[in-house]
Structure formats: C-alpha cells, structure tokens
Amino acid sequence: MYPTLISPEQLMALQAAKARVMVFDCSFELMDATAGEKHYLQSHIPGAVYADLDHALSDKGTPDASGAPQPHPGAASGGRHPLPSREKFAMWLSSVGFANDMQAVVYDRNGANYCGRLWWMLKWAGHEAVAILDGGLQAWQAAGGEVRSGTEPSHFQSNFELGEPLRRLVVTQEVAQALGQSALTLIDARPPQRFRGEVEPLDPVAGHIPGALNRPFAQNIGADGRFKPREALRAEFDALLAGRDPASVVHQCGSGVSAVPNLVAMELAGYAPTGLYAGSWSEWSRTPGLPVEKG
C-alpha cells in the first residue's frame, strides 16, 4: 500500500502486476475552469479518471445575487470550493467505479496543487491507500510512461463504503473560537502578496486571518518538480513553527485546495497528521464580523 507518495516507477510496477489501482487526473486552472479537462483530453495516464475540482471535488450551489459562490445545502464547508458531504463524495467515487480494496493514485500537472485535494478527501472518507504521484504527469512522462488522449471507457458502478475519517476537517467556528490561543497555529499556503493583503484577485477582502503564518505551497516542491526530501521539509517547518506545537497546526489557503501540499509535506517531514480548514480565506472573508489582518 502507498499512503502518501508514489513514484512513476512504482505505479508502473503496480500496473504491470495488474494490481487493483485507479489513477485520477486532477489537473485544473483557477483562472480557466475548463482548462484542466482540456489538458486531460490532450494527454493523460492511460485509464485515468478525470476528477474535476469544481464538480467532482466541490459542492457548489447557486451563486447569490452578487455572483458570490454559495455552498450547496449539505456541503461540509463554505468558500469558493465547498467540500461535498462525505456521503455525496462516496456516491461520486462509486459512480466512477472506485472500490474500498483499490489503491488510488492522484496526480496533476500543477505541482501537486490540485491532486492533494482528492488525496485529502479520500483520507477524510476513511481510505488509507491513496498516494500522490510525485512529480505529476511531467515525472511520469520523463520516466517513459505512456500517455493517451481522448476519453476513457466508463467503469462499472461500485459501492464505496465510508470509514472513520483519517484526517481532521476544521470549520470556521472552531478557528474563530481558538484564534489567538496556543491551541491553534494557522499556516496559510497563499502567495506572500495575497497573504499580506497587497493583492486579492479572487476574494472580496484582502489580507489574512490574524496570527496566521505564511508558507506558500510551492515551497514544498524542489527544482525537480517533486516533494523535497524529508530532512529539508523538517528543517523548514521547524523554522516556521519556531517552537509552536505541531499538533496545533491547521492548514488553510484561499479555498482549502492549495493548503494540502503543506499538510502532506508536514507528514513527509515526520509530523503527525494536522488539520485542514477547508473553507479557508474565501469562507472567512465572507463571514460577517470576523477579524482581518494585513501586512
């Protein structure tokens, strides 16, 4: 079983052994929601299922009168990419033929920015055997992996059964109540200029949650496109935390997606699993009465 990362060569070996494995392509672009599927149709790992962030991995309702995103009733979080309920997510997994005895492998071509979402959601659904393809599609192709264009045949419906959550979902009320206390250390994965409130291209308010630390998610990836070695990640997070309790860490970003590479990196560095505030800045900044910090 591969619970965190998998190399292209390891995935090739699983496929050659006819193992029960399902590959998911999670490629996406925030500024062009149709681009991810277009990239998938141009080239993907043979047999890969396309997992669209906006549709399969989010539960968006009808925008309000101002055009602001609204979660669907029953969604597990708010923000621009509301988490579907675990039950709704299990229905999607079943619809694409994913079963409890399968190894899941998730990838994108965006530095693990989007595939981490599906990795975390599967853990949240109680499924341990899910791994990020280290280096993404680029590493797969560099290793001589085959790619295919067009659509893939549909899989037979399965019956994915939810288990106890293996990762912790944190909601806005929890963050607000613990703000300023040692029991909460927020790590914000957005770029520094968004964190400081100098620019805000996506949400109505610029800035960050008071007291949050900033670690842009791309800092987890080395020059080779793969996650940095364990020792490097450990040293960087130790420096960032500066004595704070790692167990107090909750990760966030703009909409709960790019926060996951930081969460994964902490686990690779040897820390115990940490929390995810899935609503993130997009939910916090739309909630009346919550404080905002700049700089």
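Report the chymotrypsin sites (Phe, Trp or Tyr not before Pro) located in region 140-233 that are in a DSSP loop and have at most 12 other Cβ atoms inside 10 Å of their Cβ, or state none.
Working: sites: W140, F156, F160, F195, F217, F227; in loops: F156, F160.
Passing sites in region 140-233 are F156.
Among G116, G254, G126, which one shows the biggest mean-square fluctuation in a GNM of the chain, springs joining Cα atoms closer than 10 Å? Maximum fluctuation in the GNM of the chain, among the listed residues, is at G126.
For the chain, the list of Cys residues with no other Cys C-beta under 4.7 Å reads C253.
For the residues Y271, Y40, Y50, a GNM of the chain with alpha-carbon springs under 10 Å puts the largest fluctuation on Y271. Sorted fewest first by neighbouring Cβ atoms within 10 angstrom, T274, T34 come out as T34, T274. Note on region 1-158: Cα convex hull, mean projected area over all directions, 9.2 nm². In this structure, the amide hydrogen of V170, modeled 1.01 Å from its nitrogen in the peptide plane, lies closer than 5 angstrom to those of L276, Y277, A278, counting only residues at least 5 positions away or on a different chain. Taking amide hydrogens as placed 1.01 Å from N in the peptide plane, the amide H of G197 sits under 5 Å from those of G207, G295, each at least 5 positions away in sequence or on another chain.
Solvent-free Debye calculation, one equal scatterer per alpha-carbon of region 133-202: log10 I(q)/I(0) at 0.15, 0.16, 0.23, 0.28 Å⁻¹ equals -1.00, -1.00, -1.07, -1.21. Using every pair of separate Cα atoms, the Kirkwood estimate puts the hydrodynamic radius of the chain at 19.4 angstrom. Excluding same-chain neighbours fewer than eight residues apart, the lysines reachable from K228 by a Cα-Cα span under 25 Å are K123.
The 3J(HN,Hα) values that the Karplus relation (6.51, -1.76, 1.60; θ = phi - 60°) gives for region 210-216 are, in residue order, x, x, 5, 9, 10, 9, x Hz. Gly and Pro appear as x.
Each residue in H81, H208 was given a count of other beta-carbon atoms within 10 angstrom of its own, and listing them fewest first yields H208, H81. The orientation-averaged projection of the convex hull spanning the C-alpha atoms of region 169-284 amounts to 6.9 square nanometres. Listed values for region 188-199 are Karplus-derived 3J(HN,Hα) couplings in whole Hz (6.51 cos²θ - 1.76 cosθ + 1.60, θ = phi - 60°), namely 9, 8, 6, x, x, 5, 6, 4, 6, x, 6, 9, and x replaces Gly and Pro. Within the same chain, aspartates and glutamates fewer than 8 places from K294 are excluded, and of the rest, those with a Cα less than 16 Å from its Cα are D188, E198, E200, D203. If you run the Gaussian network model on the chain, springs between alpha carbon atoms under 10 Å, then out of G211, G74, G243 the most flexible one is G243. Distance from the C-alpha centroid of region 238-295 to that of region 195-217: 12 Å, rounded to the whole angstrom. Within a straight-line Cα-Cα reach of under 13 Å, K88 can be paired with the following aspartates and glutamates, leaving aside sequence neighbours fewer than 8 residues apart in one chain: D59, E161.
Here, each number is a calculation from the coordinates, and none is a lab measurement. Only a predicted model underlies this, so the values are computations on that prediction, with no experimental measurement involved. Because the Cβ atoms are built from the backbone with ideal geometry, glycine has one as well, and the counts that use them run over all protein chains shown.
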